[in-house]
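Below is one structure, written out as structure tokens, with a few remarks after it.
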Amino acid sequence: MDQSPLLKVDDLTVAFRTDAGVVRAVTDISFEISSGEVLAVVGESGSGKSVTALALMRLHPKNTEITGSVNFDGIDVLALSEEEMRSIRGRDVAMIFQDPMTAMNPVYTVGEQIAEAIRVHTATSKQAAWDRAVDLLQLVGVPEPKRRASQHPHEFSGGMRQRAMIAMAICNDPKLLIADEPTTALDVTVQAQVMEVLHDVQQATGSAMMLITHDLGLVAGSADRVQVMYASRLMETGDLDDIFYESRNPYTMALLNSIPDLEGVKDSLEAIPGNPPSLLNPPSGCAFRPRCSLAVDECAASDPPIVLVGEAHASRCHRTAEIGMGVEAMS
Amino acid sequence: MAKSTFDQENLDPEYFDSERYEHHVPVFSAGEVEGLTEAPQTFGWLAWKRFRHHRMAIIGAIGLVVILLLFIAGPMLSPWEFDERNIADRLQGPSSDHWFGTDEIGRDLFVRTAQGGLYSLRIGFIAAILATAVGTLLGALAAYFAKGTDIFISQVINMVLIVPALIVLSIFSKYSGGNATSLAIVLSLLLWTRIARVVRGVVLSIKEQEYILAARAAGASHMRIIFRHVLPNVVGPVVVEVTLLLGTVIVLESTLSFLGLGVQPPNASLGTLVADAKGNIDNDPIRVLTPGFFIVMIVLCVNFLGDGMRDALDPRSKNERG
């Protein structure tokens, strides 16, 4: 973090105008990603993780209002024209989608699609792009890449397809890879393989990665830094160890408590009671208050600010300081 | 398999041995997998592979070829000219001399049926191609860009749909002189809406697919997405609609010609041949039935062909035999 970060997001707010009212899917989020760094964004469904990613690429739906600033590699992304934005997408920032079953066009062969992604950004001959596509498939561990390149997506298994998606994402050597729940649609055994490929590819290309997931296990194995989102807000951000071992936020602690543990016997997993709030009509004060075991009166009165508790560790909770002094989050 | 994916050398070579691997690929038989490693399979080649296992489609295709050959080669073999009159031979039944008989002024009906059939097919194909081009483009634009574009194009479609085709065509025929190309253009202007509505519906669902978002995330422009990612996925439903449309055009042209609003003498189409013979249908039904038979056969063959092409062009459909 010696020089300016690759991606710097300040006070990003994304609001959808719907018939039922304005929904704030992302509220005042600020974060940075440095070159070569892996940032994991963790949260429940609907916490605004994916919307943040789509907003970064300006792929959000119409009728969306975005405020704040997104600075990518010295460029103000939100001020770019659609055409300038297009030249960044897929070349400097590439995205890997959740469901490899639907993220590939069924009418083209896998090789054609990767070659197409190359040819969108670079003047390459068809043959050269095809050869590179085959090399990329080999790189991501698709066996018999030559033959597989000329097959259609439906002839690939889920894991192989996600490998192909990764190959497509890295085909233009992007500076930033956004992986939106890349393993959610896969079998557990395949998840590990795909994460390994993703990790290797990220190391090999030296690109930064924003890994969006709700799987804390995945985070532990691959992220440098973690940020936890809840109900459109950033709840806690810090290095991997800060979050896993020294969390100062009741929501993060509840999340960690809800994963099964190899050591020690738990009779039942501790779920977080209740459901995430409706973003259309969020609760007063802290959004996590209705489900929080540490909630006090103050929590209903005002939304806590996000405060720095370590070098790069910040938490959004009125009781952050008390938690640091040893208040148990979950009994 | 959990080894690092980058040291391919360390992988057990036996594991990916091509012979073992074939068992996981039920779509191809062993011999075809061999060929695969040489050249990438093109989409067209795969489509042809599926198409030739579609029995009805092959029957339709062969039927069309036979009819076309008959229409093109038949008059060359026949000694008679299209417009040659032999009053002495008028109103004859089929014979070795006049295969389909003769009409009131002694013209050979086989040659007239062949020429008229070609004329009908020409109008049908031109109209279907034009209607498909216009309908596909406008339907796709409407669905893809939505909002104002969609409202505008949808309203145009609705307006065209309520235009009474027979009235427009009867007015038009007064000025066109029954020229095949202009008749086809007018027919296509009335019929493109059918294609446009189908394409609009299909594109509305396709554009919500994640691969369209993925294409945008890869930096593709709107036009590139429409032509490279959306339209190829529309081909299946459109092909079926086009073949139905081709049938409709041929029937509609016959109807118009039958009413005297379509093809004008001295030209003939299947429709005018039926119309010419209708007065004598009680004594001489064969003169109505021969051109009628060809109308039905052409429409049937085209519909079979369309069915097979729809299945062939869908890369997800299985390569079933039989």
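FYI, it's all coordinate maths here, none of it is from the lab. Since we're looking at a predicted model, the values are computed, not measured. Note that we place each Cβ from the backbone using ideal geometry, even for glycine, and neighbour counts take in every protein chain shown.
Per-residue counts of other Cβ atoms within 10 Å, averaged by peptide: what ranking do you get for A:299-308, A:272-281, highest first?
Ranking, from highest mean packing down: A:299-308, A:272-281.
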Note to self: Let me confirm one metric for peptide A:83-93, namely the mean number of other chain beta-carbon atoms within 10 Å of its residues' beta-carbons.
What the structure shows: 3
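Pull out the extension gain between A:Ser35 and A:Asn257, defined as 0.36 nm times the separation in residues minus the alpha carbon to alpha carbon distance; nm, one decimal.
Going from the current span to full extension adds 76.7 nm.
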Checklist line | Set of aspartates and glutamates near B:Lys147 by C-alpha distance (under 20 Å), chain-local residues within fewer than 8 positions excluded | finding: A:Asp19, A:Glu65, A:Glu82, B:Glu208
Checklist line | Signed unit charges on C-beta, dipole axis of the protein assembly as shown, positive-most listed residue A:Asn281, B:Gly292, A:Leu78 | finding: B:Gly292
Checklist line | Positive-pole candidate from A:Ala192, A:Ala55, A:Val110, dipole of chain A, charges at beta carbon | finding: A:Val110
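How well do other chains shield peptide A:150-156, expressed as the mean number of their Cβ atoms within 10 Å of each residue Cβ?
5
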Next item on the list: Compute the distance in nm between two label points, each set 7 Å from the Cα along the Cα-to-Cβ direction, one at A:Glu322 and one at A:Val296.
Entry: 0.3 nm
Notebook entry, point to check: What number, rounded to the nearest 500 deg cm²/dmol, is the helix-based mean residue ellipticity at 222 nm of chain A, given -39500 (n - 2.57) per DSSP H run of at least four residues and division by all its residues?
Noted result: -9000 deg cm²/dmol
Check: Please identify the chymotrypsin sites (Phe, Trp or Tyr not before Pro) of the range B:168-220 that satisfy two criteria: DSSP loop assignment and at most 11 other Cβ atoms within 10 Å. Which are they?
Finding: none
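Let me confirm one metric for peptide B:203-211, namely the mean number of other chain beta-carbon atoms within 10 Å of its residues' beta-carbons.
3
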Check: Farthest toward the dipole's positive end in the range B:206-296, which of B:Met223, B:Ser257, B:Leu245, given Cβ charges of +1 (Lys, Arg) and -1 (Asp, Glu) about the Cα centre?
Finding: B:Met223
Next item on the list: Give the relative contact order (percent, whole number) for chain A; include only Cα pairs under 8 Å separated by 6+ residues.
Entry: 19 percent
Margin query: Taking only Cα atoms of the range A:1-143, what ratio of Rg to Rh do you get with Rh as the Kirkwood inverse-distance radius?
Written below: 1.01
Next item on the list: Would you kindly calculate the mean projected area, averaged across all directions, of the convex hull enclosing the Cα atoms of the range B:81-127, in square nanometres?
Entry: 3.4 nm²
Note to self: Loop-only trypsin sites (Lys or Arg not before Pro) in the range A:41-121, please: DSSP not H, G, I, E or B, and at most 12 other Cβ atoms within 10 Å.
What the structure shows: A:Lys62
Item checked: Neighbour cut-off at most 13 other Cβ (10 Å), DSSP loop, trypsin sites (Lys or Arg not before Pro), the range A:172-272 -> A:Lys266
Notebook entry, point to check: So if we plug the beta-carbon distance of A:Asp11 and A:Glu246 into 1/(1 + (r/R0)^6) with R0 = 22 Å, what FRET efficiency do we get, rounded to 0.05?
Noted result: 0.25
Notebook entry, point to check: What list do you get for B:Leu137, B:Leu261 if you sort them by fewest beta carbons within 10 Å?
Noted result: B:Leu137, B:Leu261
Item checked: Sorted by Cβ density within 10 Å, fewest first, the residues A:Asp10, A:Asp224 -> A:Asp10, A:Asp224
Check: Too long at a 30 Å Cα-Cα cut-off: which of A:Lys146/B:Lys49; A:Lys62/A:Lys146; A:Lys175/B:Lys207; A:Lys8/A:Lys126; A:Lys8/A:Lys146?
Finding: A:Lys62/A:Lys146; A:Lys8/A:Lys126; A:Lys8/A:Lys146
Check: Roughly what would the spin-label model give for B:Lys49 and A:Ser284, points 7 Å off Cα along C-beta, in nm?
Finding: 6.8 nm
Note to self: Testing the spin-label approximation: label points 7 Å from Cα along Cα→Cβ at A:Glu82 and B:Ala165. State their distance in nm.
What the structure shows: 3.6 nm
Next item on the list: Provide, as a two-decimal number, the C-alpha radius of gyration of chain A over 2.2 N^0.38 Å, N being how many residues it has.
Entry: 1.04
